[in-house]
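Read through the structure below, which is laid out as structure tokens, and then see the notes.
The values are calculated or read from the model by the stated rules, or taken from the named source; none is laboratory data. Quick caveat: nothing in here was measured; it's all calculated off a predicted structure. Cβ sites come from the backbone with ideal geometry, for glycine too, and all protein chains shown count toward neighbours.
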Ligand code: EPZ
């Protein structure tokens with residue numbers, strides 16, 4: 001496999017012109033495909049998953065599952081996972097440290113084998129990423145939790161026991177992990193202050209088709225009654241479109257589009273962003289599975305500034321906070337972005353300032369953006385998946401050339417991003433340093 005570390009993107013900026021046109025399709029949701037693959041541990045036989053995005057994190061989850069004895073076959077956007085005869089309870093360090101979502105495999109693996117050992121998960125540098133909700137939840141379900149110098153050893157030799165768990169923080173992966181752990185536990189589990197994200201609800205709905213007893217998915221209280229191993233009964237798990245990818249394409253189209261249609265998306269999962277774009281004066285035609293963004297704007301071409309506060313679903317998603325900041329650098333006036341979920345998720349702003357944005361930190365969670373400021377291309381380093389895409393958007397609307405390094409992080413979350421952006425007129429290329 002080509003060494004990804006020496007690859008970079010080169011973007012020729014449009015200098016504020018709105019020339020992008022055509023259609024760009026959204027792939028399956030990374031943050032549903034990852035727990036869906038981990039859910040294969042709850043099944044007696046094979047689990048077939050469709051609309052899986054071809055991204056690096058999916059490859060890592062496949063390697064993780066193979067590392068513990070599962071058979072993983074991937075062909076394009078289809079993945080079939082079959083439990084092996086001997087499933088190991090030790091999640092491989094090297095792989096699981098590369099992405100946070102590896103933590104969701106601990107629940108079903110513990111529930112199936114009665115034990116699991118794993119290192120502190122890795123992932124983006126957007127905050128501490130604690131796992132206290134997981135360790136406390138396993139204890140409540142009757143498991144013992146030991147922390148060794150480099151791993152956590154969780155044991156439940158007699159199986160997990162259903163429990164009442166109130167999540168002190170609404171957590172997407174903790175909710176998914178405990179839904180899956182509870183599916184094979186003895187008795188009833190009640191999860192309170194559960195996450196409402198569409199990916200969580202859709203996971204639960206699929207598990208119910210396969211025999212799981214779950215109630216309340218999509219509400220703050222979810223009840224799961226333990227059963228035996230599930231069977232897909234031939235029903236494929238179809239991953240929902242990635243609302244974060246869709247939102248990023250919409251923001252790019254709102255900034256630099258003449259007439260762009262984002263297809264294969266679910267507009268009702270995009271409520272917070274669509275409301276913000278409409279408020280800011282962007283003209284859109286919202287269909288059942290697509291959104292068309294038109295170049296002309298309502299308010300004499302200006303983008304209205306606004307105050308954005310990130311919030312758990314259905315509020316404004318933290319994963320599009322960085323692309324939204326780029327959008328607001330082009331608004332005519334002062335906006336505030338308040339990041340309430342992760343304490344380290346505004347660090348990317350420094351590079352936007354270098355490009356010409358007028359951004360002032362108010363405190364560790366808030367920035368003031370004063371627009372409209374033209375941006376000029378720069379040499380950038382992608383700090384995480386979502387800020388990496390924000391830099392691509394910034395480079396596209398800039399004057400001049402932008403180079404973005406560390407693009408493995410972008411490939412973690414977006415498949416063939418440069419090819420898809422080129423199809424609507426973006427001048428972007430993937431290059432690599434001479435080895
Ligand atoms: C999921 O991360 C997503 N990842 C993130 O997307 C997303 O930003 C986040 O949810 C919020 O929407 C996946 O689904 C794989 P959390 P997750 O647990 O579950 C605190 C991307 O780019 N917390 O909902 O890890 C935590 O610190 C990624 O695709 C604890 O305190 O996020 C945060 O403040 C980035 N203790 C809050 O909860 C815990 O044990 C919400 O985090 C766990 C979390």
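Checking 271, 333 one by one, the residue that is away from the ligand (no atom under 16 Å from the Cβ), modelled with pLDDT of 95 or more and farther than 15 Å from residue 253 by Cα is 333 and no other. Of the residues making up the stretch 396-435, those that are part of a helix (DSSP H, G or I), modelled with pLDDT of 95 or more and closer than 26 Å to residue 99 by Cα are 410, 411, 417, 418, 419, 420, 421.
Of the set (1) farther than 19 Å from residue 200 by Cβ; (2) modelled with pLDDT of 95 or more; (3) crowded, with 17+ Cβ neighbours inside 10 Å, all apply to residue 144 but (3). Residues of the stretch 336-346 that are farther than 17 Å from residue 315 by Cβ and modelled with pLDDT of 95 or more: 346 alone.
Restricted to helices (runs of 4 or more DSSP H) entirely inside the stretch 56-120, those with at least 1 residues that are in contact with a strand residue (DSSP E or B) (Cβ under 6 Å, 6 or more places away or on another chain) and in contact (Cβ under 8 Å) with a residue 40 or more places away in the chain are 56-67, 106-113. In the set (1) within 15 Å of the ligand (Cβ to nearest atom); (2) assigned to a loop (DSSP other than H, G, I, E, B), residue 14 fails one condition alone, (1).
For the stretch 22-44, the criterion of being away from the ligand (no atom under 16 Å from the Cβ), touching a helix residue (DSSP H, G or I) at 6+ places or on another chain (Cβ under 6 Å) and part of a helix (DSSP H, G or I) is met by at least one residue. Restricted to the stretch 101-121, and to residues there that are closer than 13 Å to residue 38 by Cα and under 21 Å from the mean Cα position of the chain (by Cα), the residue that is nearest to the ligand (Cβ to nearest atom) is 101.
Within the span defined as the stretch 300-310, one or more residues are closer than 26 Å to residue 195 by Cα, in contact (Cβ under 8 Å) with a residue 24 or more places away in the chain, surrounded by fewer than 19 Cβ atoms within 10 Å (Cβ to Cβ) and more than 16 Å from the ligand (Cβ to nearest atom). Does any residue of the stretch 363-378 turn out to be in contact with a helix residue (DSSP H, G or I) (Cβ under 9 Å, 6 or more places away or on another chain), surrounded by fewer than 20 Cβ atoms within 10 Å (Cβ to Cβ) and assigned to a loop (DSSP other than H, G, I, E, B)? Checking the stretch 363-378: at least one residue is in contact with a helix residue (DSSP H, G or I) (Cβ under 9 Å, 6 or more places away or on another chain), surrounded by fewer than 20 Cβ atoms within 10 Å (Cβ to Cβ) and assigned to a loop (DSSP other than H, G, I, E, B).
Exactly one residue out of 156, 94 is more than 27 Å from residue 44 (Cβ to Cβ) and more than 12 Å from the ligand (Cβ to nearest atom): that is 94. None of 204, 194 is within 16 Å of the ligand (Cβ to nearest atom), outside any loop (DSSP other than H, G, I, E, B) and either without any contact (Cβ under 8 Å) to a residue 60 or more places away in the chain or farther than 18 Å from residue 269 by Cα (or both) except 204. In summary, residue 150 fulfils each of the numbered conditions (1) modelled with pLDDT of 95 or more; (2) part of a loop (DSSP other than H, G, I, E, B); (3) away from the ligand (no atom under 15 Å from the Cβ) with the single exception of condition (1).
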